[in-house]
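The values are calculated or read from the model by the stated rules, or taken from the named source; none is laboratory data. Nothing here was measured: the structure is a model prediction, and the numbers come from that model. Counting neighbours? That spans all protein chains shown, and the Cβs are built from the backbone with ideal geometry, glycine included.
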């Protein structure tokens, strides 16, 4: 029982020196990757650089204790940082103390939401974000984030929560571009893109293994950080207008009590819920992919608690919302991390950086951080999925498209909400007009198939109608109309048989419709029968008076029904 | 084609003298019923009495031309009047000109919404209001309306949009009760209740037919109006504090141009949409019930146009939102109305009252109108349905209960919205954990049934899993977990067969899950097969690469799959 809530008790027991060695190597590599990322995502969230470091210490320790993934690397991630900037920006101006307060408060509320969802086993709520909507949202967020970082590459001001606002902010400033900044930013982008495209092949050619080559490629941002910081320091580029990170408050984070103001909570609750759900979905999909490769299991509800405590830890140590990151987790996995202890060791690494190395980061150009963000988020853009979704399903594509368009034009929150709303509406619309097939008996068998697709035997006096959907309120009236029209068109019909192998439930609205169908058919001298009603559905119908009022019978199989209502036709068909 | 949009062209052709006589008699009876109702519902909507009369003239003519029900009686109804009061009350104070402007504007916007829905064939949207939610909403609205009218019976002030506000408004005023008002109100309530409970039996006993007795019972409010007006006039009760209707602006309504202010439209649009949908659903359910009794058909999309033009007509003649009323339509039907012409004749009757009889209504006590409203709405409260829903389905009951509680405690708009939201959420939750059954072969047949409910033959190396739900985003992850757990628990499994007779669609999220299941099973040496995939689902799968990646086969029937994967078990089972 206790093990369920503290997964550390399970893997901790079997911890060996060999495991320690592997975890430590992975932790060193992830730390090198996390230094620039934590600074960059703090900048993306509109927060001072040390806040990114704070969000990369205690949250990792909390997740190591409560999380169920062995290799998930928790910390600041791009999309959640953008959402934090949007939500906190609604409360106060970037750079103000209230803005910082709102960001830590977001982590606090998110943490509570995630833990409550975990305790009440509400992890299933994440399923309402369909894959296409998530993909569309992440793609559009990537574009939005990249566009938002352009100002740092160009060395100008500007802000905005959607593409239009960002463009409106940038265009008037195009005359004020700072050339040294642009050179640094451009150099880092080209360097990172080239490394990604070519370095791995080169390393493989000189004899490195694929996994090792991958790790070196993923660590390239720290090299860009070191080079550009040195250049900036040596040539004094900060006095030439290149904005640098500047002095970072060093030392470990002091304990912080997040704001409990009801008004602030009220204004942040909706955004915190979105951040929680998006962060959870992103994190779980990475964790599950990696766990499957080693036959390990992720427990969804405990994952919520793991991420929730990570966010609480972030809030109490002055950080902002965190979740499991895709790229870092893959590196952690590839570098050989075996247990969540690797995350805790990474936390120690970042803590050491916070204590000893912050002065070295003074001359780190913001353009370098912006360039690492841009290159990182461009990998989020997956046009292949968009194309495949278009081919597979137009309705899924519509939901994805709505998520993309609304995210780009109206910002992240409206973007994700419109995608979810549309995917639910499309589902309801589709089930509101269910597929119905008039069926007949396949000659020489007891099977019944669609008369339009197969050559089958039918009877003029018996209408066999198969309903391919559960019966519930959105489609209750549809069936009423369907049966009424079919009977009106065929005066010879004396019996209607509803064949229900695909009817998984009948709700109260559908029951009323069935009662109406039964009564109307009775008034016109037609009896209503059912066949192949499933066990759970039959159990439920027996709790109403419907079966007593039913003019006809309930048959176990469609063949039983047909051979009872038109014995000759059924016999003839079977004999053929 | 033209006939589709102008149903009058169809029934008008066959119009005879006999039909005219029947329609005329029905019109006289409905007029007598409509006079007190139109005044009462105007009072309920917070509008001057003549506005109720205006809403009972042109809208009836418009519906007679465009509506498809032969017997629906259109005009002001209780629930829509309450919703009008709530929406207009958000704009201005009752009694102000802006309030009246808002009410006519609501009719205008509602009319446009209904017509647009009709032209774009969006009538199906009404299906998203499940029967239990509607029933719960109407019941709670009835209670709310009755509570709101108490102030008129007691002769005090007060207002409020939910039970709590109404009680808070009434309680401080209990010391100021006006006794003559209370006597009149109490008398009318007792009179109407007694008439309903006893008069019909009495009339049947003296030899009247059931239909005739019903009509007389339903017309009793006009008798109460005449008696109490005379008493009030003779004893001069208006000077004793009994509030009377007072002077009504006589004469036909002048043409009105409803407000086109974008700000007003913006503030009213949401309420107008709710009024349109609720009014449409109420109206259609009456119309369909009555049409079914005479084997006539209601065309949903044309009904939208009929009700839409009725509301436009109301707006342009200074009225407020209207729809088909339950009680009046039943009386109209029972009184022998044969065509919508009866509605037009009723309009003439109300027009004559508006021109000639308004002075006679000066001394009509408001308490009389309040009493007729209370008795009318109490019949909307249907506790039997609530009990039956509880027995049949707890989830339907939950949605109904939410509609009732939120309507009573937070008002009509939040009430209906919470009911709809909850019924959709419950549906999504239910389908997110679909029923899955492990199946085996029924001995001596080619059928496969649930191993828990039937004695069947299984194979240790083949897992036959029947999924009883369409596969789409809310349940995609569920299936992943289900298969992964089952395979992890049974190491002997070499083949998994997903049996899909109840899978009516597979969306892009579910496809990704199936790909993940296929890949994970492949990695652990298990092949994945499908059986009984339906035609439309197969068509869709063929538009993806899934079938090429699939490790196993797609079988036409479950028996084919089982006899291929474990021939011996299948043969043995068939032979038994």
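Of the residues A:489, A:469, A:446, A:512, which single one is away from every other protein chain (no Cβ under 12 Å) and out of contact with any strand residue (DSSP E or B) (no Cβ under 7 Å at 6 or more places or on another chain)? Explain how you work it out, then say what you get.
Values: A:469 fails: away from every other protein chain (no Cβ under 12 Å); A:446 fails: away from every other protein chain (no Cβ under 12 Å); A:512 fails: away from every other protein chain (no Cβ under 12 Å).
After applying the criteria, what remains is A:489.
Figure legend. Inter-residue proximity from the range A:543-567: first residues in contact (Cβ under 8 Å) with a residue 40 or more places away in the chain, second residues surrounded by 14 or more Cβ atoms within 10 Å (Cβ to Cβ) and in a helix (DSSP H, G or I), beta-carbon distance below 6 Å, spacing 6+ or different chains. Indicated pairs: A:555/A:561; A:562/A:570. Kindly indicate whether any position in the range B:13-27 is in contact (Cβ under 8 Å) with a residue 12 or more places away in the chain and outside any helix (DSSP H, G or I). Looking for residues that are in contact (Cβ under 8 Å) with a residue 12 or more places away in the chain and outside any helix (DSSP H, G or I), one finds at least one in the range B:13-27, hence yes. Considering the range A:110-137 alone, what residues qualify as being away from every other protein chain (no Cβ under 14 Å) and closer than 13 Å to residue A:279 by Cα? Within the range A:110-137, A:110, A:111, A:113, A:114 meet the criteria. Among the residues of the range B:393-407, none qualifies, meaning not one is in contact with a helix residue (DSSP H, G or I) (Cβ under 9 Å, 6 or more places away or on another chain), in contact (Cβ under 8 Å) with a residue 40 or more places away in the chain, more than 27 Å from residue A:510 (Cβ to Cβ) and surrounded by fewer than 23 Cβ atoms within 10 Å (Cβ to Cβ).
Do we have residue B:452 as in contact (Cβ under 8 Å) with a residue 12 or more places away in the chain, farther than 24 Å from residue A:468 by Cα and either more than 8 Å from chain A (Cβ to nearest Cβ) or outside any strand (DSSP E or B) (or both) here? So residue B:452 fits the description; yes.
Of all residues in the range A:420-433, how many are buried (at least 19 other Cβ atoms within 10 Å of the Cβ) and either farther than 13 Å from residue B:473 by Cβ or within 11 Å of another protein chain (Cβ to nearest Cβ) (or both)?
Start the filter on the range A:420-433 by keeping residues that are buried (at least 19 other Cβ atoms within 10 Å of the Cβ), which leaves A:420, A:422-424, A:426-428, A:430-432.
Next, only the ones that are either farther than 13 Å from residue B:473 by Cβ or within 11 Å of another protein chain (Cβ to nearest Cβ) (or both) stay: A:420, A:423-424, A:426-428, A:430-432.
Going through the range A:420-433 one residue at a time, the tally reaches 9.
Those helices (runs of 4 or more DSSP H) of the range A:491-576 in which 1 or more residues are surrounded by 21 or more Cβ atoms within 10 Å (Cβ to Cβ) occupy A:508-523, A:558-565, A:567-575.
Residue selection: residue A:273 satisfies the criterion of being more than 22 Å from residue A:71 (Cβ to Cβ), at pLDDT 90 or above and either within 14 Å of chain B (Cβ to nearest Cβ) or surrounded by fewer than 21 Cβ atoms within 10 Å (Cβ to Cβ) (or both). I'd like to know if the range A:285-302 contains one or more residues that are touching a strand residue (DSSP E or B) at 6+ places or on another chain (Cβ under 8 Å), closer than 25 Å to residue A:343 by Cα, within 14 Å of chain B (Cβ to nearest Cβ) and modelled with pLDDT of 90 or more. Within the range A:285-302, none of the residues are touching a strand residue (DSSP E or B) at 6+ places or on another chain (Cβ under 8 Å), closer than 25 Å to residue A:343 by Cα, within 14 Å of chain B (Cβ to nearest Cβ) and modelled with pLDDT of 90 or more.
Hey, can you tell me all the residues within the range A:474-486 that are under 24 Å from residue B:537 (Cβ atoms) and facing chain B (nearest Cβ under 8 Å)? Within the range A:474-486, A:474, A:475, A:476, A:478 meet the criteria. The sole residue among A:477, A:466 that is in a strand (DSSP E or B), surrounded by 21 or more Cβ atoms within 10 Å (Cβ to Cβ) and under 39 Å from the mean Cα position of the chain (by Cα) is A:466.
Please verify whether residue A:486 is assigned by TED's automatic domain parsing to the domain that holds residue A:568, crowded, with 22+ Cβ neighbours inside 10 Å and in a helix (DSSP H, G or I), treating the condition exactly as stated.
Numbers: assigned by TED's automatic domain parsing to the domain that holds residue A:568: yes; crowded, with 22+ Cβ neighbours inside 10 Å: no; in a helix (DSSP H, G or I): yes.
It is false that residue A:486 is assigned by TED's automatic domain parsing to the domain that holds residue A:568, crowded, with 22+ Cβ neighbours inside 10 Å and in a helix (DSSP H, G or I).
The residues listed here are A:416, A:438, A:404; of these, the one that is assigned to a helix (DSSP H, G or I) and either assigned by TED's automatic domain parsing to the domain that holds residue A:490 or at pLDDT 90 or above (or both) is A:404. Name the residue, out of B:458, B:527, that is away from every other protein chain (no Cβ under 13 Å) and closer than 21 Å to residue A:534 by Cβ. Every option except B:458 fails the conditions.
Within the range A:354-377, track down each residue that is touching a helix residue (DSSP H, G or I) at 6+ places or on another chain (Cβ under 6 Å) and assigned to a helix (DSSP H, G or I). Spell out the reasoning first.
Quick first cut of the range A:354-377, residues touching a helix residue (DSSP H, G or I) at 6+ places or on another chain (Cβ under 6 Å) only: A:354, A:363-375, A:377.
Across the range A:354-377, the qualifying residues are A:354, A:366, A:367, A:368, A:369, A:370, A:371, A:372, A:373, A:374, A:375, A:377.
Here residue A:381 meets each of (1) within 11 Å of chain B (Cβ to nearest Cβ); (2) in a loop (DSSP other than H, G, I, E, B); (3) out of contact with any strand residue (DSSP E or B) (no Cβ under 7 Å at 6 or more places or on another chain) with one exception, condition (1).
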